[in-house]
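The next block holds one structure in the form of structure tokens; read it before the comments.
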Amino acid sequence: MSDEATEDLRVLRMPVELDYTYSAGRSASRFLRAIQEGKLLGQRCPVDGKVYFPTRGACPQHGMPIDGEPVELPDTGTLVTYSIVRVPSANIPLELPYVAVQVLLDGADTVMMHVLGECDLETVHMGMRVRAKWKPKEEWSTSVANILYFVPLDEPDAAYDSYKEHI
Amino acid sequence: MAELTGVIGIGQTKYAAKRDELSMPGLLREAAERALEDAELTWKDIDAVVIGKAPDMFEGVMMPELFLVDAIGGAYKPMLRVHTAGSVGGSTAIVAASLVQSGVHDRVLTVAFEKQSESNATWALSIALPFSVATVAGAGGYFAPLVRGYIRRSGAPEDTGIRVAVKDREHALKNPLAHLHLEDISFEKVANSPMLWDPIRYLETCPSSDGACAMIFANEKLADRSDKPVAWVHATEMKSEPTMFSGRDQVMPRAILDNAKSLYKKAGIQNPREEIDCAEIYVPFSWFEPMWMEGMLFAPTNEGWKMTYEGATKLGGDLPVNCSGGVLSSNPIGASGMIRFAEAALQVRGMAGEHQVEGAKKALGHAYGGGSQYFSTCIVCSEKP
Amino acid sequence: MRDVAVVGFSQSVSLRRERNRNEVEILIPVLQELREATGYTNEDLEFVCSGSSDYLAGQAFAFVAGLDAVGAWPPVCESHVEMDGAWALYEAWVKIQMGYADVALVYGFGKPSMGDLPITMALQLDPYTVMPLWPDAISVAALQARLCLDGGVMTDRQMAEAAVRDRAHAKSNPHAQVAGDFDVEGILSEPYLVSPLRKHDCSPISDGASAVLLASSNRAGDFSKRPAWIRGIEHICEPQDLGVRDLTRSRSTEIAAEKAGVGAGRIDVAELSAPFSHQEILVERGLGLGADTTVNPSGGALAGNPLMAVGLARIGEAAARITNGEAERAVAHATSGPCLQQNLVCVLEG
């Protein structure tokens, strides 16, 4: 017998490909249809009135369905916290380094994760005021990707106390 | 009401980036055989098996415990498979302990594992779902903003994370099973390593490892027969909260604080810093040491970093943390939590070898997962309660 | 041992495809219904345990979203099994036994319609030697059915009779997916789906969720007028390899049934979650059921098979027959893995 035949087989490549069809769900569908029109929809928790963004099926804190009227939010907000990412990730097509941010939209009570653009890395800081940079209108679809990234606003920083409970 | 339960056997594999000389069943069996050997038992002495691991996509097998069960002697026995995100290793040990504490079984084997080299964990964690934008680059991308939040609120010196990394990597040199043995580790080396997810540097992050950890729990009657020291389970606790809701404190979640209070109450601990001799804490990024020192109530709010700074968490300090090298030195994800519990048990059994904390009697094991939302913990002790 | 009872049960309608709702949205009304039926609040819950599968959802940590439906605040003592909810119930039962909890919420959910289920299930098989052949779940079950038929263990008429019985029972179950009057001759004249299995021998693919409230004797009366007491609950796992076990009987069901004490008295009702008709017969035999037992009054898994919720739903259905006075003693069954690899048996009494 040759050496090859007696050697342990160590690696067997076995690619797996499975197709899935996702349903966004009722609540997220409402949000996605709105963002296709350039609108940002949140929804109030029926128990404490906090505005969840984006809309979702239930308030996770109270386990109650959220089915009231949506609340339209502006595309401005506060950068609550961030990380400068210098490591590539297969699912993220952005050039390195980029700034991953958590943004608290004005009027919302939950943060959204996105990225920051058109900004000097040295100047990124917590409390910055930011605005969404949208794709050209003709490219809008039912996706959060209609917002390319957030850009800094020329406004004074938000006070730490105004957003610290969202970190 | 619960039966007193002890850890009578522990087995760990060597942790490494690739254990490709072993199949998945071989990996589990290596840990399970070592646990049986430690407990001086054979397969037939085991009543039930509990298997834990993180998401199935990490190996590309759906419910892999089904094909693995006979490799660890579980054929024709009860078998459970636990999955609670990163805390799963701890939760799995807790489920195994409960089977004995409830009186349902006398002796239970539990194995937690991950063979990350058989798939791609970063891929599995970042599967792009339709309608969403991928902005989170793996676990580091998720946790880095929270670390920044901690630094902001605590005013911790920027080099705290570096100090934790140096300490855990020095500890790992005393643990032959650890994945990373960085002989020339130094403050400068960590400080100069590339910034990956600012403020987290490369050497402040955990590796990706293959490995398995096994434990055997027995009731008091059987554990008393053991010739070796027993780690008695004084208390276990699990707490979970949702990933996101308005006003959620993601840096210091209530679930860890509630978990700590409940755990210490059950274990009769008034002052954890004084009464606990050492701890194995789930620290996948160095900054989580000071954060979880506060979460587990060893330090006042915003002062966890002082323990690192004062050297309290080093071998020889008043509360050595992660003497095994911790998750920063070995990270087979699904097993990482159980390794914390097993290492805590080894310490109070006096069987931790070169990384033994002298005279350790009472130890804490801790694991967490998800978006800092799943916590599982245990207190083990060399003496019965 | 402590006395523990099923004090509440709710389930969704089994649907071939939930087009509009995601898993959390399927689960929320199920938990709401359970809350309304039993009056439990989150303060009552000392333990929560769920069962689901990441591969059915096509994403890692799919179970985490389930917490949203629970309203896990303040933080809850909680665990999850990557198994049918029936095993989550077992874990909760253990926690109550050890005195950790008196009241526990258990739920299971699955939305297999998102993927190609029979193919996805191939990923359960040995990844080195079997799975690379991509044997789909129906073909694997068909191998077992062939062994049963050619070995003279059962006839295809008996299989058809099981299917007819279940679908007829399902007519009175508003949650069932496949119900109606079929006749044995008609079924036997149909073409094979995967020989020797015909369409009627297979459970449907179902999206759905189920939930159960468990309580110790200290608390059971707070939630139910007639709790269904768990008198025995056992589960056994066989080796997976199809070549090392006798596929013409369910040894693990036999062992679990004996340990759970199924034979200690008359069984009025049995709820089985076998996904194929020949497997239902094997489980019936493994449990040692006689002619005086009504099998699958709900229609069983052949009438609706929401994976990860279906086994828990069988326990719930059996308990519901006790609670409504139809039965004094019942047995429920859950299964997992190819060809009845792992089986759970639960005996309930009024």
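Regarding residue B:273, is this residue within 14 Å of chain A (Cβ to nearest Cβ) and among the basic types (Lys, Arg)? It is false that residue B:273 is within 14 Å of chain A (Cβ to nearest Cβ) and among the basic types (Lys, Arg).
Going by the conditions given, is residue B:186 within 13 Å of chain A (Cβ to nearest Cβ), surrounded by fewer than 23 Cβ atoms within 10 Å (Cβ to Cβ) and of a type in the set (Ser, Thr, Tyr)?
No; evaluated as a whole, the condition is false for this residue.
The residues in the stretch C:259-296 that are within 25 Å of residue C:152 (Cα to Cα) and among the charged types (D, E, K, R) can be counted, and the count is 4. Just one of the listed residues (C:54, C:68) is of a type in the set (D, E, K, R), touching a helix residue (DSSP H, G or I) at 6+ places or on another chain (Cβ under 8 Å) and within 18 Å of residue A:59 (Cα to Cα), namely C:68.
Of the strands (runs of 3 or more DSSP E) contained entirely in the stretch B:1-117, those carrying at least 3 residues that are of a type outside the set (Ser, Thr, Tyr) and more than 13 Å from chain C (Cβ to nearest Cβ) fall at B:5-12, B:107-115. Within the stretch B:298-327, the set of residues being among the aliphatic types (A, V, I, L, M) and part of a helix (DSSP H, G or I) comprises B:307, B:327.
Restricting the stretch C:311-350 to residues that are within 14 Å of chain B (Cβ to nearest Cβ) and part of a strand (DSSP E or B), which is nearest to residue C:118 (Cα to Cα)?
If we filter the stretch C:311-350 for residues that are within 14 Å of chain B (Cβ to nearest Cβ), which is where we start, we get C:311, C:334-346.
Now restrict to residues that are part of a strand (DSSP E or B): C:334-336, C:342-346.
On the way: C:334: 19, C:335: 16, C:336: 14, C:342: 18, C:343: 20, C:344: 22, C:345: 25, C:346: 27 Å.
Of everything passing the filter in the stretch C:311-350, C:336 is nearest to residue C:118 (Cα to Cα).
Yes or no: residue C:240 closer than 18 Å to residue C:336 by Cβ, among the polar types (S, T, N, Q) and outside any helix (DSSP H, G or I)? So residue C:240 fits the description; yes.
Taking the stretch B:189-211 as the range and being in contact with a Lys or Arg (Cβ under 8 Å, 6 or more places away or on another chain) and away from chain A (no Cβ under 14 Å) as the test, the residues that pass are B:190, B:191, B:211. One residue alone among C:325, C:286 is more than 12 Å from the chain's Cα centre (by Cα) and surrounded by fewer than 24 Cβ atoms within 10 Å (Cβ to Cβ), and that residue is C:325.
The set of residues in the stretch B:249-297 that are of a type in the set (Phe, Trp, Tyr), within 16 Å of the chain's Cα centre (by Cα) and not in a loop (DSSP other than H, G, I, E, B) comprises B:285, B:288, B:292. When the stretch A:83-117 is filtered for residues that are within 19 Å of residue A:127 (Cα to Cα), within 7 Å of another protein chain (Cβ to nearest Cβ), surrounded by fewer than 22 Cβ atoms within 10 Å (Cβ to Cβ) and not aliphatic (A, V, I, L, M), only A:109 remains.
Under 18 Å from residue A:166 (Cα atoms), in contact with a His (Cβ under 6 Å, 6 or more places away or on another chain) and away from chain C (no Cβ under 14 Å): does that describe residue A:80? Yes: the conditions hold for residue A:80.
Which number in (1) within 16 Å of residue B:322 (Cα to Cα); (2) crowded, with 24+ Cβ neighbours inside 10 Å marks the one condition that residue B:276 misses? Failed condition: (2).
With respect to residue C:230, is the statement that it is surrounded by 23 or more Cβ atoms within 10 Å (Cβ to Cβ) and hydrophobic (A, V, I, L, M, F, W, C) true? Taking the combined requirement at face value, the residue satisfies it.
A search for C-beta distances below 8 Å between a residue of the stretch C:225-251 that is away from chain B (no Cβ under 12 Å) and any residue that is part of a strand (DSSP E or B) and of a type in the set (Gly, Ala, Ser), counting only pairs 6+ apart in sequence or on different chains, returns C:227/C:5; C:227/C:215; C:228/C:5; C:228/C:330; C:229/C:5; C:230/C:5. Kindly indicate whether any position in the stretch B:329-345 is within 14 Å of chain C (Cβ to nearest Cβ), among the hydrophobic types (A, V, I, L, M, F, W, C) and part of a helix (DSSP H, G or I). Looking for residues that are within 14 Å of chain C (Cβ to nearest Cβ), among the hydrophobic types (A, V, I, L, M, F, W, C) and part of a helix (DSSP H, G or I), one finds at least one in the stretch B:329-345, hence yes. Filtering the stretch C:119-129 to residues that are in contact (Cβ under 8 Å) with a residue 40 or more places away in the chain and surrounded by fewer than 24 Cβ atoms within 10 Å (Cβ to Cβ) leaves C:120, C:123, C:126. Considering the stretch C:87-118, and only residues there that are within 21 Å of residue C:29 (Cβ to Cβ) and either among the small types (Gly, Ala, Ser) or without any contact (Cβ under 8 Å) to a residue 60 or more places away in the chain (or both), the residue that is nearest to the other protein chains (Cβ to nearest Cβ) turns out to be C:114. Looking only at the stretch B:224-248, residues that are away from every other protein chain (no Cβ under 11 Å) and either of a type in the set (Lys, Arg) or in a loop (DSSP other than H, G, I, E, B) (or both) come to 7 in all.
Of all positions in the stretch C:42-65, at least one carries a residue that is more than 26 Å from residue C:203 (Cβ to Cβ), of a type in the set (Gly, Ala, Ser) and within 13 Å of chain A (Cβ to nearest Cβ). Residues in the stretch B:153-180 that are surrounded by fewer than 20 Cβ atoms within 10 Å (Cβ to Cβ) and either in contact with a helix residue (DSSP H, G or I) (Cβ under 6 Å, 6 or more places away or on another chain) or among the hydroxyl-bearing types (Ser, Thr, Tyr) (or both): 1 in all.
We did not get these values from a lab; they are worked out from the coordinates using the rules stated. No experiment lies behind these values; they were computed from the predicted model shown. So basically every Cβ, Gly included, is an ideal-geometry build from the backbone, and we count neighbours across all protein chains shown.
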